[in-house]
Amino acid sequence: MSAKTVNNHQLPPSRKMKLGVFRLVHEANSFALDRCDQKMFAEGQWARGLDAAMTHQGSNTSLGAVLGFLETHPEWEATFFRLASATPCGDMTNECFSAVRDELVADIKAGAWDALYLGLHGAATVEGGRSAELELLRAIRAVLPDVPIGVSFDLHGNLDPEIAKLATIAVGYKTHPHIDMRNVTAKVLRLLVSTVRGDIRPTGAIVKLPLLLPSANMRTTDGPMREVVSYAALVEQQEGALDITVFGGFPYSDCTMSGACCMVYTDNDPALAHRLARDVAGKLWSLKEQFFVPLPSTRQALQSIADATRYPIAIVDNGDNPDSGGIADTPSQLRAILDADLAIPTAFCFLFDPELVQRCHEAGVGARLQAKLGGRLTPQYGPPVEREVEVVRLIEDCSFNNEGPQDTGIRLSYGPTAVVKSGNVEIVAVTIRHAVVDPGFYRANGIDLSKTKLLAVKAKNHFRAAFSSVFADIIAVDEPGPAAYDFTTLRFAHVPDQFYPMNPAATFSPGNAT
């Protein structure tokens, strides 16, 4: 068998193709309390190597897709560099980012690579308003100017147009809630292999809009985002188009490249890529006002369901959603629930309060405690709710494998937890802060949703992936918190003030966009 040429160098027929794999998933809320450092990553994933990747085997995740690719492509072998993910919190510290970047550069210098795959978020802001993803790609290209790089991004990424020049091929999630992570990464890898083989020559374009959008109404199952994503899918059918992704962006990242955009890759047709990106970006711009919908407070939501006949009902607090940088400590929703003195079985999920969990475990089931609920981390969002509570359940280790459609198969741990009760309201307190998006959380804490008529939960749209069929109604509410709906009240240092909606007169011309 003769040797073949790949990426302008001769490969002996017996040599396996080398794939370098790196993952950095962090959605930065620049207004959150905690900066993102190695400690924050350690609560999610901070590991290296095949063993760490294998924890995702069979899962509906990007790493699950990589492992599946390796099973079906024996001619490829992978080296897993740093694999890092964190629950959304503040900007990455300069120290943490520099360590990740320098380690990655050292890793790629240490070997010869036929391709790289990067699993990125797109909104990993670094202190000072910098994009972690942009700087990582620049650093890689300085070392490997010609090696094909494939990237997967989150739909909420804030992407700089330069990324389309640095990444050989990139694809973003098409669903929100994100239930297509594995499929998107599988597509990246297919296109990456086709590039290595010389079957295609991807060229990309990103068109930015002067637009910050709230994610509360960014679901792709309904509303304006569904319309834009459906339109992009139709446009993508044009000959020569490889992929079109609409990015809603993440408005709480105070970054120089924050905001919505459209990314297009074509097969060796840069003019087509730019034209299609402008077209779809124009469609998004035309629907921008539909993303902004009024959200009630918890008290208003409770009034609206006072005469409800169909249960259970979920009231979802967007402003303190841990998946948007929430701290799971703001007290206003819990105060409204307890002040209402509800006559129906109610659960509140959850408070991040390791001290309360420890007190409950020390006191034991049946104990009654005077507790200050919420408002522990900061007085910024209101004082604690002071109540006498009864300890009703204690869980030594709240861990389970996700079974819902998002992050299916991934193991989550909330550490020791405690369930306390005040009136008809059961309140869950946890030791480790993750968003609640899977039924396993409720089972682990002894909360039977078939008997619970009202659930108050600190969450947003990802919650709906597993629970839209469980609840008779899911009501999004806005309460004070790090991810409060009205982001125009935040003091941005790096987002231009001419962006819509801060500037209602902002303009965008698809014909002139670059």
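The values are calculated or read from the model by the stated rules, or taken from the named source; none is laboratory data. As the structure is a prediction and not an experimental result, all values here were calculated from the model. Here the Cβ is made from the backbone with ideal geometry for all residues, glycine too, and neighbour counts use every protein chain on show.
Considering every residue within the range 151-161, establish whether at least one is over 30 Å from V436 (Cβ atoms) and over 21 Å from the mean Cα position of the chain (by Cα). It would help to see each step written out before you state the result.
Step one: of the range 151-161, the residues over 30 Å from V436 (Cβ atoms) are 160-161.
Narrowing the set further to residues that are over 21 Å from the mean Cα position of the chain (by Cα) leaves none.
Scanning the range 151-161 turns up no residue that is over 30 Å from V436 (Cβ atoms) and over 21 Å from the mean Cα position of the chain (by Cα).
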### Task
Among the residues of the range 14-27, write down those that are over 23 Å from R141 (Cβ atoms) and under 17 Å from the mean Cα position of the chain (by Cα).
E27
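To keep it simple, each residue is scored yes or no on (1) within 27 Å of A53 (Cα to Cα); (2) outside the structural domain of L213 (by TED's automatic domain parsing); (3) of a type outside the set (V, I, T).
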{"residue": "G440", "(1), (2), (3)": "yes, yes, yes"}
{"residue": "V470", "(1), (2), (3)": "no, yes, no"}
{"residue": "P480", "(1), (2), (3)": "no, yes, yes"}
{"residue": "R491", "(1), (2), (3)": "no, yes, yes"}
{"residue": "T507", "(1), (2), (3)": "no, yes, no"}
## Note on the structure
So the strands (runs of 3 or more DSSP E) completely within the range 16-120 holding 1 or more residues that are touching a Gly at 6+ places or on another chain (Cβ under 9 Å) and assigned by TED's automatic domain parsing to the domain that holds N158 are 17-25, 76-85, 115-120
### Query
Looking at R411, is it farther than 14 Å from F350 by Cα and among the charged types (D, E, K, R)?
yes
#### Entry: Evaluation of A78 against (1) out of contact with any strand residue (DSSP E or B) (no Cβ under 6 Å at 6 or more places or on another chain); (2) at pLDDT 95 or above; (3) of a type in the set (A, V, I, L, M) (one fails), failing number
(1)
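Identify, please: which residue in the range 442-468 is basic (K, R) and within 23 Å of the chain's Cα centre (by Cα) and is, among those, farthest from L351 (Cα to Cα)? Full working, then the answer.
Applying the first criterion (basic (K, R)) to the range 442-468 yields 443, 451, 453, 458, 460, 464.
Checking the rest, the ones that are also within 23 Å of the chain's Cα centre (by Cα) come to 458, 460, 464.
On the way: K458: 9, K460: 16, R464: 20 Å.
Ranking the candidates gives R464 first.
Could you please find all residues in the range 360-375 being surrounded by 12 or more Cβ atoms within 10 Å (Cβ to Cβ), of a type outside the set (A, V, I, L, M, F, W, C) and closer than 21 Å to T330 by Cβ?
Passing the criteria: K372, G374, G375.
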### Query
Being closer than 23 Å to N321 by Cβ, surrounded by 15 or more Cβ atoms within 10 Å (Cβ to Cβ), at pLDDT 95 or above and among the β-branched types (V, I, T), is that true of even one residue in the range 380-396?
yes
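In a loop (DSSP other than H, G, I, E, B) and farther than 13 Å from G326 by Cβ: is that true of K451 in this structure?
Judged against the criteria, K451 is a match.
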### Task
For residues that are under 20 Å from the mean Cα position of the chain (by Cα) and hydrophobic (A, V, I, L, M, F, W, C), tally how many sit in the range 193-223.
5
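From the list L455, L449, exactly one residue is in contact with a helix residue (DSSP H, G or I) (Cβ under 9 Å, 6 or more places away or on another chain), under 26 Å from T309 (Cα atoms), in contact (Cβ under 8 Å) with a residue 12 or more places away in the chain and surrounded by 20 or more Cβ atoms within 10 Å (Cβ to Cβ). Which is it? Explain how you work it out, then say what you get.
On the way: L449 fails: surrounded by 20 or more Cβ atoms within 10 Å (Cβ to Cβ).
Exactly one of L455, L449 is in contact with a helix residue (DSSP H, G or I) (Cβ under 9 Å, 6 or more places away or on another chain), under 26 Å from T309 (Cα atoms), in contact (Cβ under 8 Å) with a residue 12 or more places away in the chain and surrounded by 20 or more Cβ atoms within 10 Å (Cβ to Cβ), namely L455.
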### Task
Hey, can you tell me all the residues within the range 449-469 that are at pLDDT 95 or above and among the hydroxyl-bearing types (S, T, Y)?
T452
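Rundown of residues vs (1) surrounded by fewer than 15 Cβ atoms within 10 Å (Cβ to Cβ); (2) modelled with pLDDT of 95 or more; (3) under 30 Å from R335 (Cα atoms); (4) not assigned by TED's automatic domain parsing to the domain that holds P214, yes/no style:
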position	(1), (2), (3), (4)
A277	no, yes, no, no
G282	no, yes, no, no
W285	no, yes, no, no
T309	yes, no, yes, yes
G319	no, no, yes, yes
P322	no, no, yes, yes
#### Entry: In the range 129-168, the residues that are over 18 Å from P210 (Cα atoms), touching a residue at least 60 places away in the same chain (Cβ under 8 Å) and of a type outside the set (A, V, I, L, M)
E133, D146, P148, S152, F153, D154
### Query
If you scan the range 439-470, which residues turn out to be charged (D, E, K, R) and farther than 24 Å from R335 by Cβ?
R443, D448, K451, R464
